[in-house]
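Visitor: Got a structure for you, questions after.
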């Protein structure tokens, strides 16, 4: 006979299934009714934990269900981001990686705590330094209506679409404690890993010769390779170059270590140069910084490390130049971006593009 606990568990599972079906129905309807209305990755996990931050959050030792990474719509078990202080203007920030056109916002409360946000402001930015608030018809900060309970989804359509990479939800009013889960709705280009061209288009300063089935050639430096490119010399003058073919708008870079066998080799930091003719090369720098940008590399063999660029650039050739490494200079590389059409109106990324 089903005891009380099993009955409660059955009811909870059924309730959660209904919520999931509701979310799928709402999102499907959203996509069919309005253009540029795709969830941008919080629910799916495409937006990673490190792309989420907040002004504060409750200590994990005090309440482990309140971490920033739980601020995703439909987060399992009803966890949520919970502000560290119950005061207005605490915020949850999402880095979309690449600029997006944003048309709507979705929010939920915290199911396991009976807490939710009832109103909030939204600010947005391209660089995380210069911020604007969404405004109403009177050019004042728009106050968005939040939730009425801890589990239902609230969709708020923007009066005018905005273009941004960073979004902040600023809580203004709440029930019990400011806690929320969110999703951002819109459309985004140039956020996919580019399929690298034929193997012959990966070249390098040097590489270790084939030996005992080791895979160390430049061609093995492709992101989806099971091996890696391994430099013959262990110094900071080595590089791995990819020829992307047609001019490409580059918005991000991805690296992994050496994947074959027991070799614990990977690059821990590197710089990047790029070119359109392989003769004149430009070092990547952030903004107007004089120092070269040193990208953080990997900490193990197979976990990818992704960097979105603060200033995307257009190039055909890209060189990854290792600065520091674990044991040997070995890496696999990937490039995030899309073909450069030259159409400045095609997407907001064009607002960023570096012109050297």
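Visitor: Please go through segment 293-322 and pick out each residue that is closer than 20 Å to residue 234 by Cβ and surrounded by 15 or more Cβ atoms within 10 Å (Cβ to Cβ).
Guide: 295, 297, 298, 301, 319, 320, 321, 322
Visitor: So which residues in segment 217-238 are assigned to a loop (DSSP other than H, G, I, E, B) and surrounded by 21 or more Cβ atoms within 10 Å (Cβ to Cβ)?
Guide: Correct list: 225, 227, 228, 231, 238.
Visitor: Also, quick follow-up: For segment 106-125, which positions are modelled with pLDDT under 95, assigned to a loop (DSSP other than H, G, I, E, B) and at negative phi?
Guide: Selection gives 111, 112, 113.
Visitor: Which ones in segment 150-175 are over 19 Å from residue 102 (Cβ atoms) and at pLDDT below 95?
Guide: Hits for segment 150-175 are 150, 151, 152.
Visitor: Let me ask another. Could you grab me the full set of residues in segment 67-82 that are assigned to a loop (DSSP other than H, G, I, E, B) and buried (at least 24 other Cβ atoms within 10 Å of the Cβ)?
Guide: Selection gives 71, 80.
Visitor: Still on this model: For segment 96-121, give me each residue that is more than 23 Å from residue 77 (Cβ to Cβ) and surrounded by fewer than 20 Cβ atoms within 10 Å (Cβ to Cβ).
Guide: Listed by number, the residues that qualify are 101, 104, 119, 121.
Visitor: Continuing with this model, one more query. Got a sec? Which of 248, 255, 273 is closer than 21 Å to residue 95 by Cα and either surrounded by 17 or more Cβ atoms within 10 Å (Cβ to Cβ) or more than 20 Å from the chain's Cα centre (by Cα) (or both)?
Guide: Selected residue: 255, the only one of 248, 255, 273 that is closer than 21 Å to residue 95 by Cα and either surrounded by 17 or more Cβ atoms within 10 Å (Cβ to Cβ) or more than 20 Å from the chain's Cα centre (by Cα) (or both).
Visitor: Identify the single condition in (1) in contact (Cβ under 8 Å) with a residue 24 or more places away in the chain; (2) touching a strand residue (DSSP E or B) at 6+ places or on another chain (Cβ under 8 Å); (3) part of a loop (DSSP other than H, G, I, E, B) that residue 137 does not satisfy, given that it satisfies every other one.
Guide: (1)
Visitor: Go through 280, 267 for me and flag whichever is under 15 Å from residue 333 (Cβ atoms) and either exposed (fewer than 14 other Cβ atoms within 10 Å of the Cβ) or at pLDDT 95 or above (or both).
Guide: Only one candidate qualifies: 267.
Visitor: Kindly indicate the residue of segment 176-204 that is under 21 Å from residue 254 (Cβ atoms), part of a loop (DSSP other than H, G, I, E, B) and touching a strand residue (DSSP E or B) at 6+ places or on another chain (Cβ under 8 Å) and also modelled with the lowest pLDDT among those meeting that condition.
Guide: 197
Visitor: Pairs under 6 Å by beta carbon, first residue closer than 15 Å to residue 326 by Cα in segment 241-262, partner in a strand (DSSP E or B), six or more apart or different chains?
Guide: 255/305; 255/331; 255/333; 256/332; 257/266; 258/330
The values are calculated or read from the model by the stated rules, or taken from the named source; none is laboratory data. Small disclaimer: the values here were computed from a predicted structure and weren't measured. Note: ideal-geometry Cβ built from the backbone for every residue, glycine included; neighbour counts use all protein chains shown.
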